[in-house]
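As structure tokens, the structure follows; a few thoughts come after it.
The values are calculated or read from the model by the stated rules, or taken from the named source; none is laboratory data. Just so it is clear, the model here is predicted, and its values are computed rather than measured. Every residue, glycine among them, receives a Cβ derived from its backbone with ideal geometry; neighbour counts consider all protein chains shown.
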Amino acid sequence: MLTYLIKRIITAFFVLLGVSTMVFLLIHIVPGDPVQAMLGESAQPADLEAMRIALGLHLPLLQQWLEFMNNLLHLDLGESFYSRRDISLLLAEHLGPTAILAVASLLIAICIAVPLGSLAAMNRGSHWDRIAMGFSTLGIAIPNFWMGPLLILIFSIALGWLPVSGSKGLSSLILPAITLGTALAALLSRMVRSSLLEVLTEDYITAARARGMSSARVILRHAMPNAALPVITVLGMQLGGLLAGAVITETIFSWPGIGQLTIESIQRRDYPVVQACVLVISFTYVFVNLLTDLCYGMLDPRVRLEQ
């Protein structure tokens with residue numbers, strides 16, 4: 001297990017190194033001058049040059065990258081070009097709302113996907129199966145930027161049940177959580193169905209039924225634990241996708257999380273904040289996948305032996 005853990009940590013380190021480099025290069029390729037955005041079009045050339053020197057943007061790109069990596073190794077994310085505030089404080093203010101939204105979306109996805117996938121697997125080929133898989137296909141096909149405004153039109157404007165945007169309590173969390181959760185539930189329900197169908201053909205399931213166990217007990221006690229491994233893998237991978245999807249969803253609902261901060265920073269050409277936001281999302285994605293690999297290895301010894 002220790003060798004398996006070390007291999008996964010080394011792989012994660014190189015992935016994070018590559019992500020950090022790509023984020024730095026891509027953000028400097030994006031058109032737009034952050035100094036011009038801060039000082040305005042009427043700024044004098046001397047003022048523009050002085051600001052570039054103050055921000056370190058006059059240095060060669062390689063030297064800027066080396067300084068960026070050095071600061072990153074020391075966990076120093078620097079200051080915002082726009083507000084001159086410490087980026088760590090900005091992230092701390094916005095991480096909480098994003099974490100709340102991600103957890104709520106994940107709970108909604110699990111509560112929808114597990115019963116739906118189980119129902120489809122237990123009634124394979126029936127109307128229930130077709131309805132469940134139809135919902136799954138619809139959920140995958142509808143993007144967040146379409147689902148979010150649709151929910152606002154129905155539940156906020158037409159019915160007036162929920163607020164349009166903001167973060168003023170639990171009612172403000174419902175629509176963005178549903179927007180993110182339904183997309184994940186659609187994919188997860190198909191995975192639950194597929195895994196259960198594979199497990200339900202095993203001999204120990206037939207033996208359990210032969211002993212007179214009810215279908216519900218066979219599913220809960222024998223089938224679900226053994227079908228959980230591929231579901232856990234997909235769930236871990238999609239958790240990182242929730243953070244990426246939150247960029248769009250938080251913008252639609254004005255949810256004060258990392259996603260909204262990222263969009264605002266891109267509009268302001270605030271390089272350090274954009275880099276920090278993308279890195280946080282990327283690091284979270286890699287970290288969750290690392291935990292998923294470790295959980296998979298703990299639950300299934302065959303995975304460790306194959307490494």
Legend entry - Flag for residue 108 being touching a residue at least 24 places away in the same chain (Cβ under 8 Å) and either over 24 Å from the mean Cα position of the chain (by Cα) or within 30 Å of residue 224 (Cβ to Cβ) (or both): yes
Legend entry - Selected residue (only one of 122, 147 is buried (at least 17 other Cβ atoms within 10 Å of the Cβ) and either closer than 30 Å to residue 215 by Cβ or in contact with a Lys or Arg (Cβ under 9 Å, 6 or more places away or on another chain) (or both)): 122
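Per-residue answers, yes or no, for (1) of a type in the set (Ser, Thr, Tyr); (2) crowded, with 23+ Cβ neighbours inside 10 Å; (3) over 21 Å from residue 185 (Cα atoms); (4) assigned by TED's automatic domain parsing to the domain that holds residue 156:
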site: 247; (1), (2), (3), (4): no, no, no, yes
site: 250; (1), (2), (3), (4): no, yes, no, yes
site: 254; (1), (2), (3), (4): yes, no, yes, yes
site: 257; (1), (2), (3), (4): no, yes, yes, yes
site: 261; (1), (2), (3), (4): no, yes, yes, yes
site: 279; (1), (2), (3), (4): no, no, yes, no
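Output the residue which, of all residues in the range 194-215 that are outside any helix (DSSP H, G or I) and of a type outside the set (Asp, Glu), is nearest to residue 129 (Cα to Cα). Break it down stepwise before answering.
Here is the first cut: in the range 194-215, the ones outside any helix (DSSP H, G or I) are 200-202, 211-214.
Remaining after also requiring of a type outside the set (Asp, Glu): 200-201, 211-214.
Working: 200: 15, 201: 17, 211: 27, 212: 25, 213: 23, 214: 20 Å.
Looking at residues that are outside any helix (DSSP H, G or I) and of a type outside the set (Asp, Glu), I get 200.
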Inset, instruction - Give the range 159-179 a look and list any residue that's under 23 Å from the mean Cα position of the chain (by Cα), outside any helix (DSSP H, G or I) and surrounded by 12 or more Cβ atoms within 10 Å (Cβ to Cβ), or say none. - result: 164, 165, 166, 167
Legend entry - Condition check for residue 73: over 22 Å from the mean Cα position of the chain (by Cα) and free of Cβ contacts under 8 Å to residues at least 40 places away in the same chain: yes
Inset, instruction - Evaluate the following for residue 269: is it under 29 Å from residue 198 (Cα atoms) and charged (D, E, K, R)? - result: no
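Can we say residue 260 is closer than 25 Å to residue 165 by Cα and not charged (D, E, K, R)?
It is true that residue 260 is closer than 25 Å to residue 165 by Cα and not charged (D, E, K, R).
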Legend entry - Residue count for the range 189-212, restricted to those that are out of contact with any helix residue (DSSP H, G or I) (no Cβ under 9 Å at 6 or more places or on another chain) and either among the aromatic types (Phe, Trp, Tyr) or at positive phi (or both): 1
Inset, instruction - Inspect all residues belonging to the range 52-71 and state whether any of them is surrounded by 19 or more Cβ atoms within 10 Å (Cβ to Cβ) and either under 29 Å from residue 173 (Cβ atoms) or not aliphatic (A, V, I, L, M) (or both). - result: yes
Legend entry - Selected residue (only one of 137, 98 is under 21 Å from residue 234 (Cα atoms), of a type in the set (S, T, N, Q) and buried (at least 18 other Cβ atoms within 10 Å of the Cβ)): 98
Legend entry - Condition check for residue 165: among the small types (Gly, Ala, Ser) and either under 19 Å from residue 105 (Cα atoms) or touching a strand residue (DSSP E or B) at 6+ places or on another chain (Cβ under 8 Å) (or both): yes
Inset, instruction - From 136, 156, 88, grab the single residue that is touching a helix residue (DSSP H, G or I) at 6+ places or on another chain (Cβ under 9 Å), in a helix (DSSP H, G or I) and not assigned by TED's automatic domain parsing to the domain that holds residue 199. - result: 88
